[in-house]
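Note sheet for the following structure.
The values are calculated or read from the model by the stated rules, or taken from the named source; none is laboratory data. Nothing here was measured: the structure is a model prediction, and the numbers come from that model. Every residue, glycine among them, receives a Cβ derived from its backbone with ideal geometry; neighbour counts consider all protein chains shown. To get the accessible areas, we keep the full protein, side chains included, count just its heavy atoms, and leave off ligands, DNA and RNA. Shrake-Rupley method; radii C 1.70, N 1.55, O 1.52, S 1.80 Å.
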Amino acid sequence: NLATSEGEILGLLYSKGIKPDGVQTLSNDIVKMVCKEYEVEVIDAASVKVEEMARKKEIFDEDDLDKLEDRPPVITIMGHVDHGKTTLLDHIRKTKVAASEAGGITQGIGAYKVQVPIDSKPQICVFLDTPGHEAFGAMRARGARVTDIAIIVVAADDGIRPQTNEAIAHAKAAGVPIVIAINKVDKDGANPDRVMQELSTIGLMPEDWGGDVPMVKISALKGENIDDLLETVMLVAELQELKANPQRNAKGTVIEAGLDKSKGPVATFIVQNGTLKGGHVVVCGEAYGKVRALFDDKGKRVDEAGPSIPVQVIGLNNVPFAGDEFEVVGSLDIAREKAEERAESLRSERLSAKAGDGKITLSSFASAVSGGTGLDLHQLNIILKVDLQGSIEAVRQALQVLPQDNVTLKFLLQATGDVSSSDVDLAVASKAIIFGFNVRTPGSVKSYAENKGVEIRLYKVIYDLIDDVRNAMEGLLESVE
Ligand code: GDP
């Protein structure tokens, strides 16, 4: 949505020598040109659709398509430290978990079900219990996509901070719809309008102002307007048409795992398709086993878990990793075989990441552009970390004015601060290169990036950075390196 009038756009078109004749539809190129003029990002509906279908295909088989039923949304809360993520999660858990059973809330399993009355009918949604984009990014770097909707908490007395930007970047890169919770509206100095203003300048236009991002003013501490927030989330979920086929063998993702003194390896699964039952044989990552028992989010034993429902599973031979996929298979022999195959393929992935295969570097990008690798690359994904807020715009603008006829630049994240492991996760999941200007990379992050095959390029002189990017875009980088 453009925050401008039709007349203004017509004026712009005339000034470019284009004369639209009233009701005619604008061609893609013209729409792109207009959007560029207003600095609005164009998202090609067709490409989003294809991505969406590809994602669904990973979860669904042909046979599922006529048995799909609605499933609850899975929600992650993200935002800057101290903006109130934990307070919000705690409030929701205390007040919204089915009252009859809430009695003694046991130790969490990493996610919980919440009931939201919509038209006085209780509907379920599921909250992941680990707030923050770090967990979200780490899961995505492992290829997992569990979250359907991200609630991004922004404190009304503080506004957008670096981790707010990071959280938004992670949600956007994953294509997960965002609902903004403007928190702490009870505080002196709270200024929700300023927060909305700030968000609108980074491309998140509030629904109240004609945009498409729902924003709800809340006080997590006092529990004000939380119902509104949950209803908004459910509305967004409805538009997503979240579906699964409960009548098949389960598959999904591990969201948490560990070793329990009495139970042995325990893992919390979120079922994404099908229904998981006791006695099923599962393989997850490099672990496998027969499900000995299932526990729900209140620690109660259950017989089964359907789509979107988190359950704790015991019976695995080993502790899997958060982000591992699981699936039900026919027998323990098959499970063992699959687990071994998986271990083997992970070993070779690690080796090839070390050897640099499949790694996106600026020079491999440059040779792809110059046609050297047969790859067709039109977009360079950039994560930009700088020392000072003021440098962000300086560097970004200097890059943005480079001619983008053949290759466009896409900024996934621009933020202040040293390069972090969650930046690396974002780079892995989105095939991006990290550029640092006057920042450092801590040793642990450096080795993490090497393991993951992510390139981090650090600069102290802005012109060097710009030259390298320009040369890469023109397919010339290798000759200057
Ligand atoms: P997190 O780091 O994002 O998880 O933030 P916390 O939930 O730990 O909250 C940080 C601080 O802000 C705590 O002292 C909270 O009590 C306080 N806080 C959270 N929400 C609100 C709110 O709505 N109003 C006020 N006044 N304080 C809040």
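Answer yes or no as to whether R161 is more than 14 Å from the ligand (Cβ to nearest atom) and of a type outside the set (A, V, I, L, M, F, W, C). Lay out the reasoning, then the answer.
Details: more than 14 Å from the ligand (Cβ to nearest atom): no; of a type outside the set (A, V, I, L, M, F, W, C): yes.
Judged against the criteria, R161 is not a match.
Taking the condition of a type in the set (A, V, I, L, M, F, W, C), assigned to a helix (DSSP H, G or I) and either crowded, with 20+ Cβ neighbours inside 10 Å or free of Cβ contacts under 8 Å to residues at least 60 places away in the same chain (or both), does A171 pass?
Values: of a type in the set (A, V, I, L, M, F, W, C): yes; assigned to a helix (DSSP H, G or I): yes; either crowded, with 20+ Cβ neighbours inside 10 Å or free of Cβ contacts under 8 Å to residues at least 60 places away in the same chain (or both): yes.
Yes.
Output the residues belonging to region 428-445 that are in contact (Cβ under 8 Å) with a residue 60 or more places away in the chain and either on the phi < 0 side of the Ramachandran plot or surrounded by 24 or more Cβ atoms within 10 Å (Cβ to Cβ) (or both). Break it down stepwise before answering.
Going through region 428-445, the residues in contact (Cβ under 8 Å) with a residue 60 or more places away in the chain turn out to be 428-433.
Within region 428-445, V428, A429, S430, A432, I433 meet the criteria.
Can you list the strands (runs of 3 or more DSSP E) lying wholly within region 268-372 that have 3 or more residues being touching a residue at least 24 places away in the same chain (Cβ under 8 Å) and farther than 19 Å from G258 by Cβ? Please lay out each step first, then the result.
Details: elements: 281-284, 287-295, 310-316, 325-329.
Passing ranges, in order: 325-329.
Identify, by number, the condition in (1) of a type in the set (K, R); (2) over 23 Å from Q115 (Cβ atoms); (3) at pLDDT 95 or above; (4) within 16 Å of the ligand (Cβ to nearest atom) that R194 doesn't meet.
With respect to (1) of a type in the set (K, R); (2) over 23 Å from Q115 (Cβ atoms); (3) at pLDDT 95 or above; (4) within 16 Å of the ligand (Cβ to nearest atom), R194 is out only on (4).
For every residue, the table says whether it meets (1) in a strand (DSSP E or B); (2) surrounded by fewer than 19 Cβ atoms within 10 Å (Cβ to Cβ); (3) aromatic (F, W, Y).
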{"position": "A167", "(1), (2), (3)": "no, no, no"}
{"position": "G189", "(1), (2), (3)": "no, yes, no"}
{"position": "E198", "(1), (2), (3)": "no, yes, no"}
{"position": "L230", "(1), (2), (3)": "no, no, no"}
{"position": "L235", "(1), (2), (3)": "no, yes, no"}
{"position": "V254", "(1), (2), (3)": "yes, no, no"}
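When you scan region 412-423, do you find a residue that is of a type in the set (D, E, K, R) and loosely packed, with under 15 Cβ neighbours inside 10 Å, even just one? So that I can check it myself, show each step before the final result.
Within region 412-423, the first condition is being of a type in the set (D, E, K, R), and the residues that meet it are 418, 423.
Next, only the ones that are loosely packed, with under 15 Cβ neighbours inside 10 Å stay: 418.
Looking for residues that are of a type in the set (D, E, K, R) and loosely packed, with under 15 Cβ neighbours inside 10 Å, one finds at least one in region 412-423, hence yes.
Among the residues of region 380-390, which ones are of a type in the set (S, T, N, Q) and open to solvent by 60 Å² or more (accessible area, probe 1.4 Å)?
The one that is of a type in the set (S, T, N, Q) and open to solvent by 60 Å² or more (accessible area, probe 1.4 Å): Q389.
Out of K56, K36, K49, I need the residue that is away from the ligand (no atom under 16 Å from the Cβ), at pLDDT below 90, in contact with a strand residue (DSSP E or B) (Cβ under 9 Å, 6 or more places away or on another chain) and open to solvent by 60 Å² or more (accessible area, probe 1.4 Å). Which one?
K56
Which strands (runs of 3 or more DSSP E) does region 70-146 wholly contain that include 1 or more residues that are at pLDDT 85 or above and open to solvent by 60 Å² or more (accessible area, probe 1.4 Å)?
Working: elements: 74-79, 111-118, 121-128.
Fully inside region 70-146 and qualifying: 111-118, 121-128.
Which condition does G475 not pass, out of (1) outside any helix (DSSP H, G or I); (2) at pLDDT below 90; (3) within 25 Å of the chain's Cα centre (by Cα), if it passes all the others?
(3)
Just give me the residues in region 396-406 being open to solvent by less than 100 Å² (accessible area, probe 1.4 Å) and not in a helix (DSSP H, G or I), in sequence order.
L402, P403, Q404
Check E393 against each of (1) in contact (Cβ under 8 Å) with a residue 60 or more places away in the chain; (2) open to solvent by 70 Å² or more (accessible area, probe 1.4 Å) and name the one condition it does not meet.
Of the numbered conditions (1) in contact (Cβ under 8 Å) with a residue 60 or more places away in the chain; (2) open to solvent by 70 Å² or more (accessible area, probe 1.4 Å), the odd one out for E393 is (1).
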